[in-house]
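All remarks here apply to the structure that follows.
The values are calculated or read from the model by the stated rules, or taken from the named source; none is laboratory data. All figures in this text were calculated on a predicted structure; none of them were measured in a lab. Using ideal geometry, Cβ is built from the backbone for each residue, glycine included, and neighbour counts are taken over all protein chains shown. The protein model used for the area step is the full one, side chains on, heavy atoms only, and it has no ligands, DNA or RNA in it. Shrake-Rupley method; radii C 1.70, N 1.55, O 1.52, S 1.80 Å.
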Amino acid sequence: AAKAGGRNRVEAFTPELRIAAEQKATLAGELLRAIERGELVLHYQPVLQLPSRRCTGVEALVRWQHPERGLLPPCDFLPTAEQHDLMTPLARWVLREATRQAAAWRDAGLALVAGVNINATHFSTGTLVDDVMDALDAAGLDPSQLIVEVTETSVADDPERAVAQCAQLRRRGVEVAIDDFGSGFSSLSQLVTLPTGILKIDRSLVAFPDGRREQTAAAIAAVVALGKACGIRSLAEGVETAEQLELAADLGCSFAQGFHIARPMPADELAAWAARGVPLGGTTVLA
Ligand code: C2E
Ligand code: MG
Ligand code: MG
Ligand code: MG
């Protein structure tokens with residue numbers, strides 16, 4: 001009976017697994033076509049400079065306008081892209097589109113630095129620097145208007161290669177930011193070894209969790225101070241309340257980003273948002 005039950009379980013499982021695998025393969029095929037057909041879109045989340053609270057930049061965040069399933073967040077398709085070697089083609093599209101948009105905004109009198117997220121596989125393909133420079137050339141955008149965001153995990157695979165490529169980007173005038181700093185077991189040595197100019201402090205710290213409020217504030221203050229000593233400016237990610245924004249400013253963060261300031265939004269909405277002048281923290285945000 002046990003054996004029969006086991007076999008039944010296997011039989012009950014196999015079609016499901018097969019369907020899941022097929023769905024993944026289908027999704028990968030669809031994603032490749034989506035990149036080619038222009039179904040990917042970028043939303044932009046404003047970044048404020050502190051303490052002025054002027055909007056000086058945006059982070060470009062990819063979404064997939066799926067014909068049947070609607071607007072999909074990155075967590076719904078980036079894992080598939082990674083499994084099927086689509087991260088580099090996707091990143092190339094993101095780089096092209098974000099730089100094109102930044103140049104269009106610049107021409108409209110809205111100078112915003114655009115942040116773009118890069119994945120570990122892009123370091124291993126070895127084309128990152130060329131892809132970035134090609135996108136800047138095509139858009140006619142100055143390298144100083146682009147920030148490449150890398151995470152600690154994306155660097156971990158092959159730190160030497162990642163460091164070399166980040167150094168090349170910076171030599172060419174493109175800033176490099178460490179994303180999600182403090183989300184895992186962040187190593188302080190990264191701050192001194194990775195060629196970077198901006199440290200994006202993860203929202204798990206910026207949330208100042210109950211019961212660990214003072215410790216978190218002390219940790220952020222220490223990271224900000226260490227960054228300053230190394231010529232690195234800090235950005236508070238995931239700022240969701242007015243109080244968190246105040247704290248980020250008080251602790252010496254140079255930038256802030258989060259739902260309290262604005263959610264990621266389509267490019268046309270962002271231009272309207274900036275033009276409206278959104279009052280925040282007693283001041284008015286004007287680009
Ligand atoms: P990330 O680079 O750390 O981007 C910030 C994420 O936090 C975004 O989620 C943003 O919508 C969200 N966020 C911003 N402010 C707040 C806040 O106040 N509270 C909360 N709870 N969340 C906030 P999103 O757009 O879903 O992107 C998730 C992740 O997907 C990104 O994290 C990044 O790692 C990845 N990603 C997004 N776009 C791209 C891309 O074009 N290429 C690559 N390689 N990865 C991307
Ligand atoms: Mg990011
Ligand atoms: Mg982040
Ligand atoms: Mg994140």
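Residue by residue through region 18-32, note down the ones that are open to solvent by 70 Å² or more (accessible area, probe 1.4 Å) and in contact (Cβ under 8 Å) with a residue 24 or more places away in the chain.
Scanning region 18-32 gives Lys24, Leu32.
Quick one: how many residues across region 230-275 are of a type in the set (Ser, Thr, Tyr) and crowded, with 20+ Cβ neighbours inside 10 Å?
Residues in region 230-275 being of a type in the set (Ser, Thr, Tyr) and crowded, with 20+ Cβ neighbours inside 10 Å: 2 in total.
Looking at Pro74, is it out of contact with any Ser or Thr (no Cβ under 9 Å at 6 or more places or on another chain), within 16 Å of ligand 4 (Cβ to nearest atom) and without any contact (Cβ under 8 Å) to a residue 12 or more places away in the chain?
no
Taking the stated definitions as given, is Ala177 surrounded by 14 or more Cβ atoms within 10 Å (Cβ to Cβ), in contact with a Phe, Trp or Tyr (Cβ under 9 Å, 6 or more places away or on another chain) and small (Gly, Ala, Ser)?
no
Considering only residues that are over 13 Å from the mean Cα position of the chain (by Cα) and not small (Gly, Ala, Ser), look in region 191-205 and name the one that is nearest to ligand 1 (Cβ to nearest atom).
Filtering first and then ranking leaves Leu205.
Yes/no per residue for (1) open to solvent by less than 30 Å² (accessible area, probe 1.4 Å); (2) within 16 Å of ligand 2 (Cβ to nearest atom); (3) at pLDDT 90 or above; (4) small (Gly, Ala, Ser):
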residue	(1), (2), (3), (4)
Trp64	yes, no, yes, no
Gly109	no, no, no, yes
Gly115	yes, yes, yes, yes
Gly126	no, no, yes, yes
Gln145	no, no, yes, no
Glu149	yes, yes, yes, no
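Take region 128-143 and flag every residue that is within 16 Å of ligand 2 (Cβ to nearest atom) and touching a strand residue (DSSP E or B) at 6+ places or on another chain (Cβ under 7 Å). Give the derivation first.
Filtering region 128-143 down to residues within 16 Å of ligand 2 (Cβ to nearest atom) leaves 128, 132.
Scanning region 128-143 gives a single hit, Val132.
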